[in-house]
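The values are calculated or read from the model by the stated rules, or taken from the named source; none is laboratory data. The structure presented is a predicted model; accordingly, all values stated were derived computationally and were not measured. Ideal geometry is used to build each Cβ from the backbone, glycine not excepted, and the neighbour counts take in all protein chains shown. Just the protein is used for accessible areas: all its heavy atoms, side chains included, with ligands, DNA and RNA removed. Shrake-Rupley method; radii C 1.70, N 1.55, O 1.52, S 1.80 Å.
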Amino acid sequence: MHDLHLYGWNDELFQQKQNSGYKEFIHGRITVTHKTCYEVISETGHYSCEMTGNMLYGRDVSDYPCTGDWVIFQVTDTDKGIILAMLPRKKTLYRLKSGSVSERQAIASHVDKAFIVQSLDNSFNVRRIERFMLQLSSESIQPILILTKTDLGFDADEINKAIKHLSHKMPVFYTSTQLPESIDMLREIIHTGETVVFTGMSGVGKSTLINALCGRELLQTGTISDSTGKGKHTSTRREMVLLPGSGVLIDTPGVKLFGVTNDNTDNLSEILDISVYEGKCRFKDCKHVNEKGCAVLEAVNTGELDRGVYESYLKLRREAWHYTASVHEKRKQEKLFSKIVDEVKKRKGNY
Ligand SMILES: Nc1nc2c(ncn2[C@@H]2O[C@H](COP(=O)(O)OP(=O)(O)O)[C@@H](O)[C@H]2O)c(=O)[nH]1
Ligand SMILES: [Mg+2]
Ligand SMILES: [Zn+2]
């Protein structure tokens, strides 16, 4: 018997299930997402589930279940089931689907905290941290920065300078597999029933951290199989791990470019401290590009605002705008299409 409260089941989810029209069926949480099936943990055990055709129909790919979702399903065999419904999703980590401009992909849902993992070797990149912070802010997921591999040596001053504008906005931890205490400290901030997603490039040490936290080699480490997601261990691939005595950890495969799907650039201004200056620009609708009396540009010129941060702001804002505009355009096209279909149907009716 599994206690689903350890996996985050709570009164709110219970109420949603009661109102779902499927309350007589069992519920569970998706622990692994495969191409066409989902592994689900429920009170009575693990099930491999597929979706009903009804659930697939007319649904955007981003609305397909993902790891972390709570679902209601019908048991069809000892370890098999069919998903009938998904409980409302919240606090979801999305990313731009690779190769797309308007489609987002859900990576993990019902996430309380996200560990933004970066290693202190030469792959360290503050711009990537800002990117994750922006993406998390739109879903109110709490960011926590984890800087790994301290044993390899790093320039502390340089790192402090690079994250100066971010470090008071989230907890920052330094870890090394050589220093078990550094990992014990992370355990203390993960509470019972909480879900923590690990994000970051391949090779930064996400799976290693999860194994160390669990005290067991549950996940495969090393970059080769991780980056492709393929290889001989595919069948035992895990994504969700229950940490003994506390929360749930979700591992994610590293992606090279994590595209944002944000439509709120106010968050961006705040994350990058642009908001401090914005109100002082001469024009209310100042875009901070080349306007006269722009307080943001002035801060860049005097050196008060780091140029790298400002450029990051422009880049992320452009991406956010581009995404929002693409989604808008897509919706318009879809509306137009359904209108045409309706008209054709009507005309047919007249003959
Ligand atoms: N020196 C050192 N190497 C580490 C540390 N953490 C992870 N690694 C190594 O970094 C590589 C990638 O780790 P992995 O956990 O697979 O990264 P992931 O792709 O983010 O899951 C592995 O070879 C690990 O042994 C650390 O604290 N110090
Ligand atoms: Mg990994
Ligand atoms: Zn301005």
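Side notes on the structure shown:
- Across region 84-122, the qualifying residues are those that are part of a strand (DSSP E or B) and of a type in the set (D, E, K, R), and the one among them that is most open to solvent (accessible area, probe 1.4 Å) is Arg104.
- Residue in region 166-183 that is in contact (Cβ under 8 Å) with a residue 60 or more places away in the chain, in a loop (DSSP other than H, G, I, E, B) and either in contact with an Asp or Glu (Cβ under 8 Å, 6 or more places away or on another chain) or on the phi < 0 side of the Ramachandran plot (or both) present: yes
- Taking region 143-171 as the range and being within 14 Å of Gln118 (Cβ to Cβ) and hydrophobic (A, V, I, L, M, F, W, C) as the test, the residues that pass are Ile144, Leu145, Ile146, Leu147, Leu152, Phe154, Ile159, Ala162, Ile163, Leu166, Met170.
- Residue within region 130-147 that is within 14 Å of ligand 1 (Cβ to nearest atom) and surrounded by fewer than 17 Cβ atoms within 10 Å (Cβ to Cβ) present: no
- Close pairs (7 angstrom Cβ cut-off, 6 or more residues apart or separate chains): open to solvent by 30 Å² or more (accessible area, probe 1.4 Å) and assigned to a helix (DSSP H, G or I) in region 202-224, hydroxyl-bearing (Ser, Thr, Tyr) and within 9 Å of ligand 1 (Cβ to nearest atom) anywhere: Thr208/Thr177; Thr208/Thr221; Ala212/Thr177; Thr223/Ser202
- When Thr302 is tested against (1) in contact with a Ser or Thr (Cβ under 8 Å, 6 or more places away or on another chain); (2) at pLDDT 95 or above, just one condition goes unmet, and that condition is (1).
- When Tyr277, Tyr323 are checked against the criterion of being at pLDDT below 95, open to solvent by less than 50 Å² (accessible area, probe 1.4 Å) and assigned to a helix (DSSP H, G or I), a single residue qualifies: Tyr323.
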